[in-house]
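Notes follow the structure.
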Amino acid sequence: MTLAELIEAMRPGSRNPLAERAGHDLGRFGLGLKSASFSQCKRLTVASRRDGVFVGATWDLDEVAATNRWEVRLHSEPGSIPWADRLGKNGTLVVWRSLDRLSGGLDNQPRKRAEYLNRAIASAERHIRLVFHRFMMEDRPGLAISLNGRDLEPIDPFGTRFPSHQEDRPDRLELGNGVVEFQCFTLPHHKSISRADWEDLGGPEGHLRTQGFYVYRGRRLIIAGSWLGLARQTELTKLCRIRVDIPNTMDADWKIDVKKASAQLPPAVRERMRLLVERLTQTSKRTYRGRGQKLVNTEYMPVWQRVQKDGAIVYSPDPTHPVFADFSARLPAELQADFASLIGLIGSTVPIAALHSDFAGCPEEIVADQADAEAIRQMAEAMVPRLVAQGTDRDRIPDILRQVEPFQSAWAVAQPLIDEIIERETGHV
């Protein structure tokens with residue numbers, strides 16, 4: 001920067017918020033550098049070089065309080081400004097000193113203060129990796145950010161590097177003050193990616209709280225996860241994310257605040273987005289209920305049935321399943337009723353509350369108990385003859401059973417048993 005540009009940059013409210021700005025300009029009110037800095041420190045220094053010419057300026061709030069005058073101190077030489085030697089021929093440096101907000105009120109407790117500071121740094125790191133991820137992900141030389149000498153990797157909230165993610169074609173909505181661009185994404189199911197990647201996508205708040213709209217102004221993220229009043233955040237929609245790009249010409253329409261950390265859907269956009277949300281949330285529900293959709297197909301014969309009853313969804317063992325039916329048929333008549341009651345008891349004691357709590361907190365850790373080889377054989381002995389009797393093509397039987405537990409989770413054990421029973425029941429290889 002030149003000296004004139006530096007002085008202007010140090011002036012609070014240096015730009016008219018109504019003035020037209022370049023499309024890539026991330027500012028609006030001329031307050032960002034100053035308000036962000038003074039929220040963390042009492043002494044702000046900006047040093048800059050253009051073509052080797054050095055300029056510098058410092059705001060010191062202690063000096064302002066002592067003199068009762070808002071005067072910025074200028075520097076013609078780097079002097080004692082930390083890291084000024086890193087500027088090179090061209091560059092700008094922002095230095096915070098007198099960091100009065102980073103102690104957490106723990107000045108007399110060094111250990112706890114250090115812990116508080118480390119948590120603040122970790123939180124800031126994630127914030128930077130997420131908010132500026134599109135600048136950091138550019139193919140051309142983009143923005144490189146390091147923290148304590150360590151290069152930061154961007155966090156893509158849409159999981160586009162995972163093959164199992166889903167995305168719609170980009171779309172756009174032309175309005176009077178500019179064009180709104182948007183694209184829908186469905187995150188991969190937690191079973192298709194590693195636990196570390198799943199947790200990175202969800203962040204500290206988890207996937208439930210980070211679903212919804214991701215609104216960008218000039219590719220800078222200003223809203224990370226909210227349905228903006230168009231839908232509820234639910235477990236079945238937590239894979240849904242919609243990227244929305246707005247230009248800085250629409251700040252007033254979207255009610256962008258001074259911190260550029262909140263926005264509201266304009267009436268001209270609201271209905272289009274409502275329809276988009278309805279369609280996308282159905283896609284996410286299918287991703288989570290994908291296996292559940294097969295429950296309505298009798299060909300797959302699941303042990304558990306999903307029934308809608310009196311406005312509620314009930315999960316219970318299916319007493320007509322071949323495994324139960326065949327076992328019951330081998331029981332004495334006086335025990336068959338007791339066996340049916342036992343199946344009903346199991347269905348009525350499903351720990352719904354515990355399952356919901358575990359699924360909300362750590363779905364990747366919830367697994368079904370593994371059946372042993374004998375249990376797998378017994379189930380295959382009950383199901384394969386039933387499918388053969390129904391006229392199912394013998395080549396399709398393994399594909400059908402592979403979608404059903406416990407075969408699905410133990411296919412290496414189940415496949416040879418199923419092939420053996422198919423050969424026996426059909427009488428040929």
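The values are calculated or read from the model by the stated rules, or taken from the named source; none is laboratory data. Note that the coordinates shown come from a computational prediction; the quantities given were computed from them, not determined experimentally. So basically every Cβ, Gly included, is an ideal-geometry build from the backbone, and we count neighbours across all protein chains shown.
Data table
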item: Single residue of region 137-158 satisfying the filter (modelled with pLDDT under 90 and of a type outside the set (Gly, Ala, Ser)) that is surrounded by the most Cβ atoms within 10 Å (Cβ to Cβ); result: 137
item: Residue in region 164-172 that is free of Cβ contacts under 8 Å to residues at least 60 places away in the same chain, out of contact with any strand residue (DSSP E or B) (no Cβ under 7 Å at 6 or more places or on another chain) and not small (Gly, Ala, Ser) present; result: yes
item: Pairs, first over 29 Å from residue 270 (Cα atoms) in region 179-197, second among the polar types (S, T, N, Q), C-beta under 6 Å, six or more apart; result: 192/164
item: Per-region count, region 178-204, residues among the polar types (S, T, N, Q) and surrounded by 16 or more Cβ atoms within 10 Å (Cβ to Cβ); result: 2
item: Hey, residue 96 surrounded by 13 or more Cβ atoms within 10 Å (Cβ to Cβ), touching a Cys at 6+ places or on another chain (Cβ under 6 Å) and among the aromatic types (Phe, Trp, Tyr) or not; result: yes
item: Only one of 276, 221, 265 that is of a type in the set (A, V, I, L, M, F, W, C), under 18 Å from the mean Cα position of the chain (by Cα) and surrounded by 15 or more Cβ atoms within 10 Å (Cβ to Cβ); result: 221
item: Cross-chain or 6+ apart pairs with Cβ under 7 Å, region 77-96 first and charged (D, E, K, R), then exposed (fewer than 10 other Cβ atoms within 10 Å of the Cβ); result: 89/51; 89/52
item: Residue match in region 67-83 (condition: hydroxyl-bearing (Ser, Thr, Tyr), part of a helix (DSSP H, G or I) and over 24 Å from residue 145 (Cβ atoms)); result: yes
item: The listed residue being assigned to a loop (DSSP other than H, G, I, E, B) and either surrounded by 10 or more Cβ atoms within 10 Å (Cβ to Cβ) or in contact (Cβ under 8 Å) with a residue 12 or more places away in the chain (or both), out of 161, 134; result: 161
item: Contacts under 8 angstrom Cβ, first residue in region 201-224 being closer than 21 Å to residue 256 by Cα and without any contact (Cβ under 8 Å) to a residue 12 or more places away in the chain, partner among the aromatic types (Phe, Trp, Tyr) and outside any helix (DSSP H, G or I), 6 or more apart; result: none
item: Within region 371-427, helices (runs of 4 or more DSSP H) holding 2 or more residues that are loosely packed, with under 14 Cβ neighbours inside 10 Å and assigned by TED's automatic domain parsing to the domain that holds residue 326; result: 373-389, 411-426
item: Failed condition for residue 65, given (1) modelled with pLDDT of 90 or more; (2) in contact with a strand residue (DSSP E or B) (Cβ under 8 Å, 6 or more places away or on another chain); (3) not charged (D, E, K, R); result: (2)
item: Selected residue (criterion: surrounded by the fewest Cβ atoms within 10 Å (Cβ to Cβ)) from residues of region 37-89 that are out of contact with any Leu (no Cβ under 6 Å at 6 or more places or on another chain) and basic (Lys, Arg); result: 69
